[in-house]
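The values are calculated or read from the model by the stated rules, or taken from the named source; none is laboratory data. Since this is a predicted model, take the numbers as computed values, not measurements. Don't worry about glycine lacking a Cβ; one is built from the backbone with ideal geometry, like all the others, and counts go over all protein chains shown.
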Amino acid sequence: MTEEQQKGGPAADLAPCWSCHGSVDQRASFCHGCGTIQPPRPVDHFSRLGLSQSFDLDTDQVERNYFSFQRHFHPDRFATRPAREKQLSLQHATDLNEAYGILMAPLSRAESLLALKGAPLEDEGAANRDPELLMEAMEAREALAGAANSEDVEAIDAQSRQACDGCIEKISQAFADDDLAAAQRHCLRLRFLAKLGEEIRRRKGELART
């Protein structure tokens, strides 16, 4: 845990500690005076894990930060503490789990970043308004439905994975160029590819049972 997250900076807003009522930097996770755990603050997923707001995160760094913070907030460390502290540690741990899950996955990381930049991704119906994406989806699902054996499905799967990799590269470039409209378009395609991946796994299961 960084010193800022333990104690906060000198210019931060102050709030009373729920336990000793002393002044606590609102960015701090523990009271400066009594050391009591404080309620989680409403921050974005990147800030919660001490990371910059960037799509091109080092996932190894995400994991290191996550486990570092979890060591401080894991409920096991508060097993003998009063009920209020147990509850707060669980809230911190839950928020960290959510942030970790979102930032480790390219699609949810991109969606979170778009929202922070004031350009949240549109609802699922937006993909149906993109003729090129709609055609790609129809052709992929027709090919999957017509796959007669596991080899055919594996070929579709390999093609889908390659498309995912290319899509992630385009999202990265769009954010680097600060082209949020392009980032949205590529995210919509990655959403479709993620759903296609689920359908591919189901089709594999169906063929395995025959």
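So which residues in the range 58-80 are at pLDDT 95 or above and of a type in the set (Lys, Arg), if there are any at all?
Answer for the range 58-80, where residues must be at pLDDT 95 or above and of a type in the set (Lys, Arg): just 64.
What number of residues in the range 111-168 are over 28 Å from the mean Cα position of the chain (by Cα) and closer than 15 Å to residue 185 by Cβ?
Count: 2.
Within the set of pairs 6 or more residues apart or between chains, which connect a residue that is without any contact (Cβ under 8 Å) to a residue 12 or more places away in the chain and under 21 Å from residue 28 (Cα atoms) inside the range 50-72 to a residue that is among the basic types (Lys, Arg) and in a loop (DSSP other than H, G, I, E, B) with Cβ atoms less than 7 Å apart?
Every condition considered, no pair remains.
Please verify whether residue 170 is over 24 Å from residue 58 (Cβ atoms), in a helix (DSSP H, G or I), in the same structural domain as residue 135 (by TED's automatic domain parsing) and free of Cβ contacts under 8 Å to residues at least 60 places away in the same chain, treating the condition exactly as stated.
no
Residues to consider are 145, 155, 140, 182; find the one that is more than 28 Å from residue 64 (Cα to Cα), out of contact with any Cys (no Cβ under 9 Å at 6 or more places or on another chain) and surrounded by 17 or more Cβ atoms within 10 Å (Cβ to Cβ).
Of the residues listed, the single one that is more than 28 Å from residue 64 (Cα to Cα), out of contact with any Cys (no Cβ under 9 Å at 6 or more places or on another chain) and surrounded by 17 or more Cβ atoms within 10 Å (Cβ to Cβ) is 140.
Checking the condition touching an Asp or Glu at 6+ places or on another chain (Cβ under 9 Å) and of a type in the set (Gly, Ala, Ser), which residue from 143, 119, 155 passes?
Answer to the check: 143.
For the range 50-81, what are the residues that are outside any helix (DSSP H, G or I) and within 17 Å of residue 103 (Cβ to Cβ)?
50, 51, 52, 53, 54, 55, 56, 57, 58
Given 123, 177, 130, which one is in contact with a Leu (Cβ under 7 Å, 6 or more places away or on another chain) and charged (D, E, K, R)?
130
When residue 114 is evaluated against the numbered criteria (1) modelled with pLDDT of 95 or more; (2) outside any helix (DSSP H, G or I); (3) not β-branched (Val, Ile, Thr), which criterion, by number, is the only one it fails?
For residue 114, the exception is condition (2).
Which condition does residue 101 not pass, out of (1) surrounded by 14 or more Cβ atoms within 10 Å (Cβ to Cβ); (2) within 25 Å of residue 74 (Cα to Cα); (3) without any contact (Cβ under 8 Å) to a residue 24 or more places away in the chain, if it passes all the others?
For residue 101, the exception is condition (1).
Out of (1) outside the structural domain of residue 67 (by TED's automatic domain parsing); (2) at pLDDT 95 or above, the odd one out for residue 96 is which?
Of (1) outside the structural domain of residue 67 (by TED's automatic domain parsing); (2) at pLDDT 95 or above, only one is false for residue 96: (1).
May I ask you to list pairs of residues, at least six apart or on different chains, whose Cβ atoms are under 6 Å apart, with the first in the range 190-210 being farther than 15 Å from residue 155 by Cα and the second being in a helix (DSSP H, G or I) and among the small types (Gly, Ala, Ser)?
Correct list of pairs: 192/127; 192/137.
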